[in-house]
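Engineer: Sharing a structure with you now.
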Amino acid sequence: FFTVMMIIGGGALIVFLLSLFWRIARAGDEAGKSPVAANKVETAQPAAQHQAPSALRLIGVLGFAVGFLILNWSHVVPELRHLMMQNLIYPAGLIVALVMLFDKASRAWDVKPAGQGMREWLYINALMVLYLIGYLNLLSVADTAAYAGMFWDMVHVAGFLLVLWLVDRKTSRLRFLLIHAWLIALPILLLIWRSQMGIETAEEIGWWDTIWPFFFLALVFFVVEVIVQIATDEDGGQGIGTFKDVVFLILYLILLISAQPEAVA
């Protein structure tokens, strides 16, 4: 499954790059035309209006997630569930995220205030790193016959893609609150996953080596983001918001680097 998904993802990436180069070449050809011809083209083809897509379309994608869970619960043994999450679902989610990132890097979208793009890229890259950490957490499962965290792993993959899509495609400032809400939920999701797997916390592990520093840091900056959005308007708060995001991500990175293994099986 992993090989097939990588082939599909590689083909999609090649098609995307070819279409990107074609658009660049076409734009260069149109720029070389005479001013009269350019004016005719502009008159015949009015500028396209950018519109944020509806989030209701994601319901159809969630149908696949539900079908996948039902299939695994009814016909698949735990070892194969772990194998499918490891070699199919997580790699597929990463491929989708990378395609979204390439699309974002090449897309011109002028409906968002200046400064929001920087904030989006900061959080998107952070979410990508945390997604890879979640995948490494799945790979650390030693006894695949006792794998019982399929549902929560699926929630992690689906939630990651949903947040990534909303941050990139929507225009409301509430999407930055959504990011913090997701970062608050991630430690709790890990705690539930570990309890389902029967992993016990080592007694000698200190508080700073548990999930709680990540939880409270995200909670504090969630409140700070609320204050920033209330105190500033759409345009004026981007500088303050970017500074806050940089401070938050630096602190989060320090916690990740200093974190020690917090539990023993």
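Engineer: Only one of these conditions is not met by Arg194: (1) under 17 Å from the mean Cα position of the chain (by Cα); (2) within 24 Å of Phe68 (Cβ to Cβ); (3) surrounded by 15 or more Cβ atoms within 10 Å (Cβ to Cβ); (4) of a type outside the set (Phe, Trp, Tyr). Which number is it?
Structural biologist: (1)
Engineer: Would you call Gly159 in contact (Cβ under 8 Å) with a residue 12 or more places away in the chain and closer than 25 Å to Ile257 by Cβ? Working first, answer last.
Structural biologist: Working: in contact (Cβ under 8 Å) with a residue 12 or more places away in the chain: yes; closer than 25 Å to Ile257 by Cβ: yes.
Against the criterion (in contact (Cβ under 8 Å) with a residue 12 or more places away in the chain and closer than 25 Å to Ile257 by Cβ), Gly159 qualifies.
Engineer: Further, regarding this structure: Do the conditions hold for Ile59, that is, is it among the β-branched types (Val, Ile, Thr) and either open to solvent by less than 60 Å² (accessible area, probe 1.4 Å) or more than 19 Å from the chain's Cα centre (by Cα) (or both)?
Structural biologist: Details: among the β-branched types (Val, Ile, Thr): yes; either open to solvent by less than 60 Å² (accessible area, probe 1.4 Å) or more than 19 Å from the chain's Cα centre (by Cα) (or both): no.
No; evaluated as a whole, the condition is false for this residue.
Engineer: Just checking, does region 103-114 include any residue being at pLDDT 90 or above and either assigned to a helix (DSSP H, G or I) or surrounded by fewer than 18 Cβ atoms within 10 Å (Cβ to Cβ) (or both)? Steps first, please.
Structural biologist: Here is the first cut: in region 103-114, the ones at pLDDT 90 or above are none.
No: region 103-114 contains no residue that is at pLDDT 90 or above and either assigned to a helix (DSSP H, G or I) or surrounded by fewer than 18 Cβ atoms within 10 Å (Cβ to Cβ) (or both).
Engineer: Does region 144-159 contain at least one residue that is within 21 Å of Ile89 (Cβ to Cβ), open to solvent by less than 20 Å² (accessible area, probe 1.4 Å) and in contact with a His (Cβ under 6 Å, 6 or more places away or on another chain)?
Structural biologist: yes
The values are calculated or read from the model by the stated rules, or taken from the named source; none is laboratory data. Computed from a prediction, not measured in an experiment: that's the story for all the values here. Positions of Cβ are backbone-derived with ideal geometry, glycine not excepted, and every protein chain shown enters the neighbour counts. Each accessible area value is taken on the protein alone, full model and side chains, heavy atoms only, with ligands, DNA and RNA left out. Shrake-Rupley method; radii C 1.70, N 1.55, O 1.52, S 1.80 Å.
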